[in-house]
Structures are given as C-alpha cells and as structure tokens.
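Worksheet: the structure to be examined is printed underneath.
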Amino acid sequence: MSLRSPLSRHALVFAAVVALTTSGSIAEAAENPYERGPAPTTASIEATRGPFATSQATVSAVSVRGFGGGTIYYPTSTAEGTFGAIAVSPGYTASQSSLSWLGPRLASQGFVIFIIDTNSRYDQPASRGDQLLAALDYLTTSSSVRTRIDSSRLGVMGHSMGGGGALEATKDRPSLQASVPLTAWNTTKTWSTVQTPTLIIGAEDDSTAPVSSHSERFYTGLPSTLDKAYLELANASHFAPNSSNTTIAKYSIAWLKRFIDNDTRYEQFLCPAPRGTAISEYRDTCPHS
C-alpha cells in the first residue's frame, strides 16, 4: 500500500477544483456559444456605434440573381467567431439608401447586415420576401463574407412593403431566427403559421400604413404562443425608419441579439415591457426566457 504525501493530496484537491471550474466554464460557454461583445447597457445599445469595428462591401445587381444587389455591412474582426446575418429590404419605390443608417449601426453590434435593392422599386411584399430569402442564400453561399456567417442564425428586416416582405419571408422559411418589420404594409393580416420571433414596429401617426389596419393587425395575427412584441413609435410617421432613430435601433438590437444570438443578457431591455416618451404603446408575450 502506498501513502500519498500531504503535498500530493493538496495537488489532487487543486486539480479537482480546476477541473470543476473548467467544466463549469465549458458548460456555460456551451449553453450560449453565440454571445458576441461585452455585456450590454442602455448606453451601449443606444449608441450610434457598438463595440465592433465594421467594413462594407458593395454587391452589384448584375452579379446576383433573385434580388437587386445591395451593400453588406460586417464586423471587421472574427476573433469572437462567426456572426448571425440579417437581410433588410427597403419600401415601395425606395432604394437601399433609405435604410443605410441601419447598416453600420447594427453591424457594429455583432451582425452581418445586408441592405438590398429590390429587382423593381415597385415590387410587392411577397416578391420582397422572396428577395430577402435570395439575399440570405447569397450571403451564406456565395458572398465575400460567407465564412464570417453562421448560416443557422439568420433574420430579416424591412420597411413598409419591405416590412411586409419580412413577414412573407418568415412564413416561407420557418427556420429564420428573428424578424423586425418596420412600419410594415401588407394586404395579408393573419400570419398564423409564422414560427419566427417577430418584433413589429409601428408608428402612431402613420397615414400610409395606419397601425390600426397594419402593424397592430400583424401583431394580433401572429400566433399567441409566439415570442412577439409590438412597439409603437410616439408621434412618428410612416417614414420614421428612413432616418437615424435611437428607439428603432435600440429595440431592434435587443430583439436580434436575444433571438439570433440567443443572448439572454438583452432580455432586460424587452421584459418587462419598455416604457418611455418615445413609445406610445408596447405589447408583448413576456417572458421570453
């Protein structure tokens, strides 16, 4: 029989502690391997730029099929791994430039953002939904940033008919992780088959897509069991998403982080329901966690 010295016993105890600590860290990392960036604060998600430096790449319409090209905004460094990606459609008669402020603002929070041009400025929501999906397919298979993207973590956004297109895209592709329609317009009001967590952002003074017949109807037309929210911008028009807007950015970031990155650190900004002078109404299905 061999006897271990006190030093050996101490070494064994230390090794056991290290093993437990390490396994705990691994388990924590495995629980959410998609966290990107530091712990968020109100200031960090209201800022015009997040913690990631960004670059951008222009995609010519003649080099792609199924949509009209656009601009990709993406984090420059991949030191933290790959990123989720979001395709964004402009509204009726508008071009990508109408939403260009969103590109670097969202990308700097740790996403690849593709703001597209549509095949025609007059394309209807169903067509815009198809084009958003075509843009995501291009991003993940053919684009210059495809190796930076986790193809299992994708989302859509859009303004006006582009927002209606985002709803169409989630209906057609249930695997999408998040959707943020902005003052959306669509003749379809019921979206009972949608499985994608959806944040509807409407505008109180929208005369083009009045919330009573559009955004509110879309929210109530989504399944009651779905992770969903309805945010109404106070004293805002249909075109609020066309210029830099802290409320739109803040809650879009929180929603995309929560559901594309599975990052529950952002839950605090969504549940309990946010309030403030910039928000005239907020509905949700909290808690999300």
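Laboratory data are not the source of any read-out in this text; all were calculated from the coordinates shown. Predicted, not measured: the structure shown is a model, and the values here were computed from it. Glycine gets a Cβ as well: all are built from the backbone with ideal geometry, and neighbour counts include every protein chain shown.
So for Lys250, Lys228, Lys189, Lys257, fewest C-beta neighbours within 10 Å to most, what's the order?
Final ranking by Cβ density, sparse to dense: Lys189, Lys250, Lys228, Lys257.
What's the extension gain from Thr246 to Glu31 if we count 0.36 nm per residue and subtract their Cα-Cα distance?
Answer, rounded to one decimal: 74.3 nm.
If neighbour count is taken as other Cβ atoms inside 10 Å, put Asp206, Asp284 in order from fewest to most.
Ranking Asp206, Asp284 by Cβ neighbours within 10 Å, fewest first, gives Asp284, Asp206.
Only one of the listed values, (i) 112; (ii) 156; (iii) 141, was derived from the coordinates as volume of the Cα convex hull per residue in Å³; which label is it?
(ii)
When the dipole is taken about the Cα centre of the chain, and only Lys, Arg (+1) and Asp, Glu (-1) are charged at their Cβ, what size is it in debye, to the nearest 20?
Rounded to the nearest 20 debye, it is 580 debye.
Note the angle between two axes, namely the Cα long axis of helix 161-172 and the longest principal axis of the Cα atoms of the chain, as a number of degrees from 0 to 90, rounded to the nearest 10.
Once rounded, the angle reads 50 degrees.
Near His238, within a Cβ-to-Cβ distance under 14 Å, what is the net charge of the other residues, with Lys and Arg +1 and Asp and Glu -1?
After counting each charged neighbour, the total is -4.
If each residue's Cβ is checked for other Cβ atoms within 10 Å, how do Phe52, Phe111 rank with the fewest at the top?
Lowest count first: Phe52, Phe111.
Summing Lys, Arg as +1 and Asp, Glu as -1, what charge do residues with Cβ under 12 Å from the Cβ of Pro75 carry, Pro75 excluded?
That sum, taken over residues with Cβ under 12 Å, equals +2.
Determine the percent antiparallel among the DSSP beta bridges restricted to the chain, to the nearest 5.
Counting only bridges with both partners in the chain, antiparallel ones make up about 40 percent.
Between Ala61 and Thr193, take the C-beta separation as r, use R0 = 35 Å, and let me know the FRET efficiency to the nearest 0.05.
So, using R0 = 35 Å, E works out to roughly 0.65.
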